[in-house]
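Working notes, structure below.
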Amino acid sequence: MDEEFEVLIVGAGPSGISAAIALARAGVEVVVLERGEYPGSKNVYGGILFTHQLLKLLPDAVEDAPFERAVTRRRFGFLADDRELGLDVKVGRWREKPYNHTVTALRGRFDRWFAEQAENEGAQVFTGFMVSELVVENGRVVGVKVQPGDEEMRAKVVISGEGAQAFLARQVGLMATELPRGHMVTNVKEVIGLPRERIEDRFLLEGNEGVAMEYFGEPVKGLFGMGFIYSNDESVSIGLGLTVKDLIYSKETLNDHLEHFKNLPTIRKLVEGGETLEYSAHMIPDFGYSHLPTLTMPGLILVGDTAGFINGSVYHEGTNLAMGSGLLAAETIVEAKEHGHDIGAAEALAAYRNKLESSFVLKDMKKFRRIPDFFNRYPHILREYPGHVTRWLEDYFTISETPKEDVEKDILRKVRKDVGLFRFLVDMMKIGRAVR
Amino acid sequence: MSHDNPKTIEDKLGLLQYRTDEEKSHIEVDQEKFKADPVKAILYACPAKVYVEDPQTGECIINYENCVECGTCHVVAPDYVKWFYPEGGKGVHYRYG
C-alpha cells in the first residue's frame with residue numbers, strides 16, 4: 001500500500017476507539033487495526049467500566065451502551081482464615097444516571113458497541129489484522145507492518161493502544177526491553193452465570209444496582225495482589241491478580257489461587273450454584289507515575305495500558321484513564337492540524353504529555369505514585385496486617401465475662417507481641433505517606 | 001459450585017473458543033536454556049498450561065493452541081520464551097472478557 005493515512009491506531013480497545021471517535025469527528029482520516037475477530041474478542045479486564053470520559057465523548061452512551069449494572073456498593077475486604085474486616089460503601093443515589101460513572105460491563109459486548117460508534121463517526125475499523133512492528137525511518141515512525149500479509153501501512157502519526165504487552169513501545173525504545181516483573185500483574189477471571197434474582201438476593205441489590213468487592217490478604221495468601229467480585233446482569237465476574245514476581249514466588253498456578261479464593265468460607269456462598277461461562281487471563285501494568293514509559297516520539301503516541309495508565313491505589317481505575325489518554329492524543333493531533341503543523345512532528349506531540357499532566361490521568365497517578373513501589377518494598381504489610389488486624393478485632397468483639405478493660409489491655413499486649421508498638425506506628429506512617 | 005462446574009485448568013480451557021493457527025505456533029522456547037533453568041516457573045505461571053515438561057527428554061512441550069494470550073510467560077522467562085501475538089484473527093476468542 002502506497003497510500004499514507006493521517007492517523008493509524010493500533011488496537012480497538014477503550015483508548016484507541018476514544019481517539020478514533022474524537023479524530024474522525026474532527027475530520028481527521030483515521031484507521032484502526034484490531035487483531036481480534038471483532039473488537040473485544042481479545043480484550044479482558046476485571047469488570048468495572050469508569051465512564052466519565054465515555055460520556056464526555058458520547059453523552060447518549062448512558063442510555064445506549066451495553067452496561068450491565070450501576071455500581072452502588074463498593075466493598076473492600078481484608079480476609080484471614082475465617083475472619084473478615086470489611087469496609088462497605090453503599091450510596092443509593094448511584095443507581096441513578098450517570099451511575100457515579102462506575103458500571104459493570106462485559107468487554108465482548110461493550111468494545112464491539114464502542115467500535116461501532118467510531119465507525120458511525122467515520123473511522124475505519126479493520127479487524128483480524130495484527131500489527132507486528134512499527135516502521136521507522138530517520139528516527140520517525142512512518143507506519144506499521146500488518147499480519148497476515150506482511151504488508152506495510154503508512155501514516156503521519158501512529159497511536160499505539162496496543163495493550164499491556166507493549167511490543168511496539170519496546171521495539172522503538174520508549175520503554176525497557178523487558179517488562180518489569182514486580183509491576184506486571186497477571187489476572188485470571190471467571191464469568192459465572194447466575195440468575196438475576198440470586199445475584200440481587202446475595203449481594204443485597206435492587207433493580208440495576210451492582211456491587212464491586214475487592215479482597216486482600218488470604219485470597220492471594222498475603223502476596224501483592226487482590227481478589228475481586230463484580231456483579232453483572234446475570235453473571236458475576238470473580239478473579240484475582242498477582243504481580244508476576246509474586247506469582248513466581250508462590251509456586252502455584254493462578255487457577256489454584258483462584259480456586260482457593262472461590263472456596264474461602266466468606267466467598268463460596270456468593271458464587272455457589274453458578275455455571276462458569278468463561279475463563280480468561282490478562283496482564284495489567286502497574287508501573288506507577290515514576291516509571292512511565294516515554295509517551296511519544298516523532299510519529300508515535302502511546303495511549304492506555306501500553307503507556308501504563310492505571311490508577312492502582314484503592315480506585316483500581318483503568319478504562320477511564322485509557323479513554324482520557326485517547327481523547328488527549330486526539331486533541332493533540334487535531335490542534336496541530338488546525339495550526340497547519342506536521343501532526344507527527346516532535347514539537348506537535350510534545351503537547352500530549354502536558355495535557356495529560358493537567359488532566360486527571362497523570363494528576364491521579366502522580367498523587368498515588370508511591371503505591372506500586374511501596375508494596376514491593378514492604379511486602380510484610382499485605383502479608384501480616386490482614387491477619388493481625390482481624391485477630392485484634394476478633395478479640396475486641398469476643399463476648400465473655402472478661403472485663404472490657406482487660407480485653408483492651410490484652411489486645412495492646414498482642415499488638416506489642418505481633419508487630420511491636422514502634423513498628424506499628426512506623427508502618428502506619430508509611431501507609432499514610434504512600435497514599436498522601 | 002454445582003457438581004460439574006469446572007475446577008481444573010483443562011476443564012476451564014474447554015469452555016473457550018479458539019481460532020487455532022494450524023500452520024504455525026506463536027511461541028518458541030529455547031530448549032537448552034529451559035533445561036538449564038532450575039526453577040522453570042513458566043510451567044506453573046502460565047494460566048493455560050501451555051508449557052509442559054516432557055518427562056523423558058526434559059524438553060518443554062508447547063501447547064500453543066491453549067494459549068489465552070496474557071503474555072505472562074515472556075515476562076517470567078524473557079531469556080528463553082519468545083512469545084508474540086498469533087496472526088490477526090487467530091488464537092483465543094473471548095466472548096465475555
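The values are calculated or read from the model by the stated rules, or taken from the named source; none is laboratory data. Predicted model, so just to flag it, every value in this text is computed and none were measured. Ideal geometry is used to build each Cβ from the backbone, glycine not excepted, and the neighbour counts take in all protein chains shown. Side chains included, ligands, DNA and RNA excluded: accessible areas come from the protein's heavy atoms. Shrake-Rupley method; radii C 1.70, N 1.55, O 1.52, S 1.80 Å.
Numbers below:
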item: Average beta-carbon neighbours from other chains, 10 Å sphere, peptide A:274-286; result: 6
item: Choice from A:D81, A:D342, A:D64 with maximal GNM fluctuation in chain A (Cα, 10 Å cutoff); result: A:D64
item: 13 Å beta-carbon shell around A:V10, net charge (K/R +1, D/E -1); result: -1
item: Length-normalised contact order for chain A - Cα pairs under 8 Å, 6+ apart - percent; result: 19 percent
item: Sulfur and carbon atoms: percent of accessible area, the stretch A:198-276 [1.4 Å]; result: 49 percent
item: Shielding by partners - mean other protein chain Cβ count within 10 Å, residues of A:252-262; result: 4
item: For the protein assembly as shown, accessible area per residue (1.4 Å probe, heavy atoms of protein chains only), Å²; result: 41 Å²
item: Gaussian network model of chain A, springs between alpha carbon atoms under 10 Å - residue of A:G274, A:G13, A:G149 with greatest fluctuation; result: A:G149
item: Charge sum, other residues only, whose C-beta stays under 15 Å from B:E32's C-beta, Lys/Arg counted +1 and Asp/Glu -1; result: -3
item: Sparse-neighbour loop sites [GluC sites (Glu not before Pro); the stretch A:130-236; at most 10 other C-beta within 10 Å; DSSP]; result: A:E206
item: Helical contribution to [θ] at 222 nm, DSSP H n ≥ 4, -39,500 (n - 2.57), averaged over chain A, rounded to 500; result: -11500 deg cm²/dmol
item: Radius 14 Å from Cβ of A:S359, net charge of other residues (Lys, Arg +1; Asp, Glu -1); result: +2
item: Low-density loop cleavage sites - trypsin sites (Lys or Arg not before Pro) in the stretch A:242-349, where at most 14 other Cβ are within 10 Å (DSSP); result: A:K251
item: Loop-located GluC sites (Glu not before Pro) in the stretch A:1-110, at most 12 other Cβ atoms within 10 Å (DSSP); result: A:E3, A:E96
item: Most mobile listed residue (A:A164, A:A350, A:A212) in chain A, GNM with C-alpha springs under 10 Å; result: A:A350
item: Spatial separation of Cα centroids for the stretch B:32-93 and the stretch A:99-129, in angstrom; result: 31 Å
